[in-house]
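Structure first, commentary second.
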Amino acid sequence: MSKSYRLCIIGNSHVAALKMAWSKTAFDVRDDFALSFFAVQKYMFRHIGLKDRALVPTQDDVAAELQFRSDGLDRVDIERYDAIAMVGSGFGVDMSYFRSLGGTPDYLGFTHVDPLVSEACFDAVLDNAFEDSPAITLIDLIRSVSEIPIVMFPTPYLSERVLESEVGKRDFHLADRTALARCVARARAAGERIAAKRNCTVIWQDDATVGVPGFTSSTFNRGSVLFNVPDGNPMRYDDRHGNEEFGRLAMNQVLGYLDAISGGRVLAKGPERRESRSG
């Protein structure tokens with residue numbers, strides 16, 4: 001392993017916000033810090049396999065997508081990196097989806113519940129939802145050959161804008177936000193359990209980005225960054241994706257955590273300089 005610290009960020013469309021932030025912000029990292037991005041659409045994860053201790057696409061169209069989204073990178077040679085950050089990729093707290101699975105009596109404080117189940121039963125449902133994510137499938141491949149540090153930055157919460165829609169008003173009456181917060185905490189605990197089984201650490205989105213518990217403040221959805229938008233131009237709003245500022249905060253969280261566990265091999269001077277890379 002070289003003395004430089006090498007990080008690979010792997011994920012789906014949610015990588016775009018982090019990549020945009022990285023390209024436009026001067027993060028205060030050490031001169032020998034190296035960062036690579038490896039991103040494809042979520043449904044393509046099932047076409048990524050393991051060969052010679054590397055993650056490689058198993059279909060030509062996935063290989064082309066990968067190279068286009070990942071600055072020409074066509075594989076992840078795991079041993080080249082000091083850490084991996086898994087972003088999004090179906091691993092996260094989606095309150096709309098979890099609501100559809102039923103809930104515990106706590107859920108009655110903010111939504112309709114069907115079926116109503118015990119806490120133990122619903123914990124099992126939550127565990128299964130996280131286990132089935134493409135992110136975990138890929139991590140299991142990595143863990144079959146390596147104990148490299150892996151941090152998980154989950155899919156952002158849905159935008160709080162969805163609560164203003166007719167469907168949102170029908171599904172979430174939000175009579176009791178304390179109950180909602182408890183349910184978010186239960187879901188997060190499930191994600192952390194599943195990650196811990198793989199010796200992974202979950203870094204949840206910055207509290208500053210959260211509006212109603214379990215929903216992202218619309219401020220961080222304005223100008224959302226997606227890979228599949230022509231020319232990479234930000235959208236006015238996208239209720240499932242973060243913007244450049246969201247990505248900047250996420251990068252700070254990931255870099256700060258890795259600096260701490262590596263004994264200061266990532267950051268140069270501490271807090272990020274708020275300067276343009278081009279400036």
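Which shape class applies to the range 6-96: rounded if a/c is under 1.5, otherwise prolate when a/b exceeds b/c and oblate if not, where a ≥ b ≥ c are the square roots of the Cα gyration tensor eigenvalues? Here the range 6-96 falls in the oblate category. Residues whose amide H lies under 5 Å from that of Gly88, counting only those 5 or more places away or on a different chain, are Phe153, Thr155; hydrogens are built 1.01 Å from N in the peptide plane.
A simple count of charges around Arg143, restricted to other residues whose Cβ falls under 11 Å of its Cβ and scoring Lys, Arg +1 and Asp, Glu -1, yields 0. Under 1.5 on a/c is rounded, so check that first for the range 143-244, then, if it is not, pick prolate when a/b is larger than b/c and oblate when it is not; a ≥ b ≥ c are the square roots of the alpha carbon gyration tensor eigenvalues. Judged from the Cα gyration tensor, the range 143-244 comes out oblate (a/c at least 1.5, b/c at or above a/b). In order along the range 198-212, the Karplus-derived 3J(HN,Hα) couplings, from 6.51 cos²θ - 1.76 cosθ + 1.60 at θ = phi - 60°, round to 9, 6, 10, 10, 8, 10, 6, 4, 3, 4, 5, 8, 9, x, 5 Hz, and Gly and Pro are given as x. Taking a Cβ cut-off of under 11 Å around Phe122, the surrounding Lys, Arg, Asp and Glu residues balance to a net charge of -3, with basic ones at +1 and acidic ones at -1.
Against the longest alpha carbon principal axis of the chain, how many degrees, from 0 to 90 and to the nearest 10, is the axis of helix 119-131 turned? That works out to roughly 30 degrees. Among Leu255, Leu101, Leu138, the largest mean-square fluctuation in a Gaussian network model of the chain, built with springs joining Cα atoms closer than 10 Å, belongs to Leu101. Charging the Cβ of each Asp and Glu at -1 and of each Lys and Arg at +1, and nothing else, the dipole of the chain about its Cα centre rounds to 460 debye. Rounded, prolate or oblate: pick one for the chain, where a ≥ b ≥ c are the square roots of the eigenvalues of its C-alpha gyration tensor, a/c under 1.5 means rounded, and failing that, prolate if a/b is larger than b/c, else oblate. The shape class here is prolate. Counting lysine pairs in the chain whose alpha carbons fall under 21 angstrom apart, excluding pairs fewer than 8 residues apart on the same chain, gives 4. Look at the alpha carbon pairs under 8 Å that are at least 6 residues apart: their mean separation over the length of the chain gives a relative contact order of 26 percent. Taking the C-alpha atoms only, the angle from helix 134-143 to the longest principal axis of the chain is near 40 degrees. Between Val210 and Ser217, the built amide H atoms are under 5 Å apart, and every one of these is 5 or more places off in sequence or on another chain. Per-residue 3J(HN,Hα) values for the range 87-96, derived from phi via the Karplus relation 6.51 cos²θ - 1.76 cosθ + 1.60 with θ = phi - 60°, read 10, x, 6, x, 9, x, 9, 10, 5, 5 Hz in sequence order (x marks Gly and Pro).
Taking amide hydrogens as placed 1.01 Å from N in the peptide plane, the amide H of Ala268 sits under 5 Å from those of Val29, Arg30, each at least 5 positions away in sequence or on another chain. Distance from the Cα centroid of the range 74-91 to that of the range 94-145 is 24 Å (rounded to whole angstrom).
Throughout, read-outs are computed from the coordinates displayed, never taken from laboratory work. Note that the coordinates shown come from a computational prediction; the quantities given were computed from them, not determined experimentally. Reconstructed Cβ throughout: ideal geometry from the backbone, glycine too, with neighbour counts over all protein chains shown.
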